[in-house]
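Below: the structure, in structure tokens.
Derivation of every value follows stated rules applied to the coordinates shown; laboratory data play no part. Since the structure is predicted, the reported quantities are computational estimates derived from the model, not experimental observations. Cβ: placed from backbone, ideal geometry, glycine included. Neighbour counts: every protein chain shown.
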Amino acid sequence: MYRLGKVDDIDDPNQTLYAAKAMNPSYPGIIDYLFWALGERKTCMNNLCRRNECPIHLYCIKRGLNPSEISYMVRKSMPW
């Protein structure tokens with residue numbers, strides 16, 4: 001959520017919860033799962049963003065990353 005620009009404090013779980021509720025009020029937990037899945041697939045990690053593998057890269061401001069930490073390489077096969 002921080003990288004997307006939806007929360008200001010990366011360490012505040014309440015901000016993340018409120019942002020998830022704003023994005024999907026009926027089931028905010030699905031937002032958490034989707035972001036977990038991006039990290040599990042190593043698409044979006046603390047110091048690396050694989051932009052061309054990310055289904056939400058067009059909406060992400062990539063806050064907290066230097067340009068050198070954003071990968072523009074495309075894998076030959078997508079896992080999903």
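Could you list, in sequence order, all residues of region 40-62 that are surrounded by 12 or more Cβ atoms within 10 Å (Cβ to Cβ) and closer than 16 Å to T16 by Cβ?
The answer is C44, I56, C60.
Are any of the residues in region 17-24 part of a helix (DSSP H, G or I), free of Cβ contacts under 8 Å to residues at least 12 places away in the same chain and surrounded by 15 or more Cβ atoms within 10 Å (Cβ to Cβ)?
Yes: one or more hits.
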